[in-house]
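Trainee: Below: one structure in structure tokens.
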Amino acid sequence: MNTSFTPKVSIVIPVYNGADYLRESIDSALAQTYPNLEVLVVNDGSCDDGATEAIALSYGDRIRYFKKENGGVSSALNCGIQNMTGEYFSWLSHDDRYEPQKVEHSVAYLATFEKRDRLLAMCGGYYIDKNSKHIRDMHFDFAADTVYSGLDVVAHILKHGVLDACCLLIPKTAFDECGLFDEELRFNQDALMWYRIFCANYGLVVKDSDKHVAYRLHAAQTSKTRRDLLLTSSLSLANTIAPTFAALSTKERPLLRMYARRHARMNSPRSLKVCIRIGRDTNVFHVSDVLYLYCWLFIGKCRNILKAIYHRLRFHK
């Protein structure tokens, strides 16, 4: 590691009723080989008879513990950001875990770039099941050892939809400049944050070969149990970010078209209509674009049915 670049890193763990996996998550944060860090656990108003709080308190002064009224993961993350003392932010979900060298490797990778003050670093990861058994590796489709511009990252997200929050190491200045997580969003709050950061010309460097985050898939995840919440948040997100994508769209990088197609593939017709309206109002979309997007909406409906069948077979045996 470049010994002249050893910034303090704050690992923030937001948790709500997380007694099943919280200890494993905290242990992985405390086991990091990078010495200059702190671990913050934010209890977002858990209502599990104190089980989550008891686990957090058992670590004493090895972690910084905050308890607040329930306000959603965005509010818990914001609490962590507002109280962190590090120069870099690292999100760790309470049901996921880090490999011991996650932070060290990310910091060491950033140290190899001269202009790193506006760069986020991303490592690789893999999926585990409820019993911590390896399922498969994550694949982000980024080229290793490449600096991606902010708009290139946005285009990549819209095309591939793969940017896992816990794999990132983010400079605190990004939040100072772009604001905190939107607490009105109960889902997709991370997507909006990344769009804001990368549209503000922060870049990304990726070390995809390093699998340092274990992302847990289980039946209790909101993404599987509350599709209604996903669709509502997607609609709010579309109203917020679609005008920005319209303004930044070019022939070579049609961000709004890509974003609208993403909603169509997700079978989110209300969000798609928002994108189409904004696209038509700003003359970014023509009739052919609208027909193209509704074809993708049909594909999205079929895809959603197949995904529902898969998750029922996978998680409800």
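Trainee: Mind checking which pairs have a first residue in region 172-200 that is over 18 Å from SER90 (Cβ atoms) and a second that is at pLDDT below 95 and of a type in the set (Asp, Glu), Cβ under 7 Å, 6 or more apart or different chains?
Mentor: If the second residue must be at pLDDT below 95 and of a type in the set (Asp, Glu), the pairs left are LEU192/ASP182.
Trainee: Here's a follow-up. Would region 119-137 turn up any residue that is within 17 Å of ASP210 (Cα to Cα), out of contact with any strand residue (DSSP E or B) (no Cβ under 9 Å at 6 or more places or on another chain) and surrounded by 13 or more Cβ atoms within 10 Å (Cβ to Cβ)?
Mentor: no
Trainee: In this structure, is ASP27 surrounded by fewer than 17 Cβ atoms within 10 Å (Cβ to Cβ) and more than 22 Å from the chain's Cα centre (by Cα)?
Mentor: Numbers: surrounded by fewer than 17 Cβ atoms within 10 Å (Cβ to Cβ): yes; more than 22 Å from the chain's Cα centre (by Cα): no.
When the stated conditions are applied, ASP27 does not pass them.
Trainee: While we're on this one: State whether one or more residues within region 165-180 are under 13 Å from the mean Cα position of the chain (by Cα), within 22 Å of SER75 (Cβ to Cβ) and of a type in the set (Phe, Trp, Tyr).
Mentor: no
Trainee: Out of all the residues in region 102-119, is one or more in contact with a Lys or Arg (Cβ under 9 Å, 6 or more places away or on another chain), in contact (Cβ under 8 Å) with a residue 12 or more places away in the chain and not in a helix (DSSP H, G or I)?
Mentor: No, region 102-119 contains no residue that is in contact with a Lys or Arg (Cβ under 9 Å, 6 or more places away or on another chain), in contact (Cβ under 8 Å) with a residue 12 or more places away in the chain and not in a helix (DSSP H, G or I).
Trainee: ALA144 fails exactly one of the following numbered conditions: (1) within 18 Å of TYR88 (Cβ to Cβ); (2) out of contact with any helix residue (DSSP H, G or I) (no Cβ under 7 Å at 6 or more places or on another chain). What is the number of that condition?
Mentor: Only one criterion is unmet by ALA144, namely (1).
Trainee: Here is a further query. Among the residues of region 153-209, write down those that are among the β-branched types (Val, Ile, Thr) and either over 18 Å from MET258 (Cβ atoms) or open to solvent by less than 10 Å² (accessible area, probe 1.4 Å) (or both).
Mentor: Once the filter is applied, which keeps residues that are among the β-branched types (Val, Ile, Thr) and either over 18 Å from MET258 (Cβ atoms) or open to solvent by less than 10 Å² (accessible area, probe 1.4 Å) (or both), region 153-209 yields VAL153, VAL154, ILE170, THR173, ILE197, VAL205, VAL206.
Trainee: Could you count how many residues in region 84-101 are open to solvent by 40 Å² or more (accessible area, probe 1.4 Å) and outside any loop (DSSP other than H, G, I, E, B)?
Mentor: Final tally of qualifying residues: 1.
Trainee: Also: I'd like to verify a number: residues in region 75-119 that are closer than 18 Å to CYS178 by Cβ and modelled with pLDDT under 95, how many?
Mentor: Result for region 75-119: 2.
Trainee: Checking VAL41 against (1) open to solvent by 30 Å² or more (accessible area, probe 1.4 Å); (2) touching a residue at least 24 places away in the same chain (Cβ under 8 Å); (3) among the aliphatic types (A, V, I, L, M), which single condition isn't satisfied?
Mentor: (1)
The values are calculated or read from the model by the stated rules, or taken from the named source; none is laboratory data. Please read these numbers as outputs of a predicted model, since none were measured by experiment. All Cβ positions, even for glycine, are placed from backbone atoms using ideal geometry, and neighbour counts span all protein chains on display. Keep in mind that these areas ignore ligands, DNA and RNA; they rest on the heavy atoms of the full protein, side chains included. Shrake-Rupley method; radii C 1.70, N 1.55, O 1.52, S 1.80 Å.
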